[in-house]
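Written below as structure tokens is the structure these notes are about.
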Amino acid sequence: MRFLPLPRTAVPVVAVATGVLLAWLGWGSIRHPEALWAPGDLSRYHADVARCVHCHEPFQGPSPAKCLACHSEKRFAVRSKPAVRDFHREVIAQQKTCLACHTEHRGALAQITTNAMFNPHGEFIFRATGTSSCSACHEFGADVVARPTLLDNDFVRHLFDEGEGAHHRGRMANCVQCHVSGQ
Amino acid sequence: MTLVVRRFLIVAGLVLIAVVGAVLFEAFLSMERVLPFGHTRQGHVTGWVGLSVILFVFVYPIRKRVDRNRTWPRGWFQVHMVAGVVGPLLIVLHAGAHLHALVPILAMVAMGIVALSGIIGQAVHYLALRTLNEERRQFLQQGVSQDEAEARLHDVASREEAFRVWQLIHAPMTLMFMVLVVLHVIGALYFGGL
């Protein structure tokens, strides 16, 4: 009741098949790297990125330095709204990771900003305070996703004073709840 | 329905339930997440644990070949069987139904072939072989000639031969599976970071 041994040809046949497979994968890695290695299709925003190493640092993953090669501070200054521009300027200055808010390889139609910070005050807050960035009044954690803390500075104090008691912590989120006409 | 066929259907059903269960559990773990479970830190840990468990399966064939004069390493064979089922299931949990890159897909397919052939070998072929030998022995004890016994056992023997294919698949495909696993791990570390 013993199993039969493997035929002698099994090992060389498998070795040759494995060699062919490796050669095919090597060729495919040069011609179609995304199909062989990527966990999903690139988004439409990065569809023109031709090579993996344009965004990935070998054995370090996607690095902020690679992102900044295209998404420089200068580009944010030219193409973004002030709030977005100033927020990213600080992220760049503090060398925070882009991956806290952005991701990729989720498909051509997927959004790449996954942990986008929602501004509950709306654009009204920038007009009211004369600032252009969330970080003028808020301190964000290292991963920028955590709930921000309110700073104690001139902008915040001025806003509280302006409210004559109506502006206080926990009641500031939705400006237009009271400022109905945006005034 | 013969005993062997019934065993085959039971094994196929259990394998299906286990794989579907692991995929559904992964889907549950991926719910309300931006990234699928396999791309999270916990998913990576699951992959490493699965691979570590799978590596235990190699102790048995190594022990068996290194010293052929020693008794058959029954304990390590049991480890081989358990690790050969638990490890791949952890990898299914790690991967879920998120299949895109060809290298990990091929690694999954190779792993599936190796694991399934092993399960078929132990749970079905072994039974088919034992049934064949027992029936042959009974015929011979009843005074039936060798040729006549072989003729009467033709159906059972052909079924045993069909399930014996697992032997030709199981060990050789393991080499291809390990090559693909190494490529997948290197690729994941190269593009995702150490």
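Residue count for segment A:1-42, restricted to those that are more than 36 Å from the chain's Cα centre (by Cα), modelled with pLDDT of 90 or more and part of a loop (DSSP other than H, G, I, E, B): 0. Residues in segment A:43-52: is at least one under 19 Å from B:H184 (Cβ atoms) and either at pLDDT 90 or above or open to solvent by less than 90 Å² (accessible area, probe 1.4 Å) (or both)? Scanning segment A:43-52 turns up at least one residue that is under 19 Å from B:H184 (Cβ atoms) and either at pLDDT 90 or above or open to solvent by less than 90 Å² (accessible area, probe 1.4 Å) (or both).
Applying the condition of being among the hydrophobic types (A, V, I, L, M, F, W, C) and assigned to a loop (DSSP other than H, G, I, E, B) to segment B:84-134 and asking which residue is farthest from the other protein chains (Cβ to nearest Cβ) yields B:A97.
Considered as a group, the residues in segment A:75-90 that are modelled with pLDDT under 85 and open to solvent by less than 50 Å² (accessible area, probe 1.4 Å) include one that is nearest to A:L42 (Cα to Cα), and that residue is A:S80.
Only one entry of B:V156, B:V124, B:V92 meets the criterion of being within 30 Å of A:A38 (Cβ to Cβ) and buried (at least 16 other Cβ atoms within 10 Å of the Cβ), and that entry is B:V92.
On inspection, B:L189 does not qualify as open to solvent by less than 40 Å² (accessible area, probe 1.4 Å) and modelled with pLDDT of 85 or more.
The values are calculated or read from the model by the stated rules, or taken from the named source; none is laboratory data. Just so it is clear, the model here is predicted, and its values are computed rather than measured. Neighbour counts are summed over all protein chains in view; Cβ atoms, including those assigned to glycine, are modelled from backbone coordinates with ideal geometry. Note: accessible area is taken over every heavy atom of the protein model, side chains too, but ligands, DNA and RNA are not part of it. Shrake-Rupley method; radii C 1.70, N 1.55, O 1.52, S 1.80 Å.
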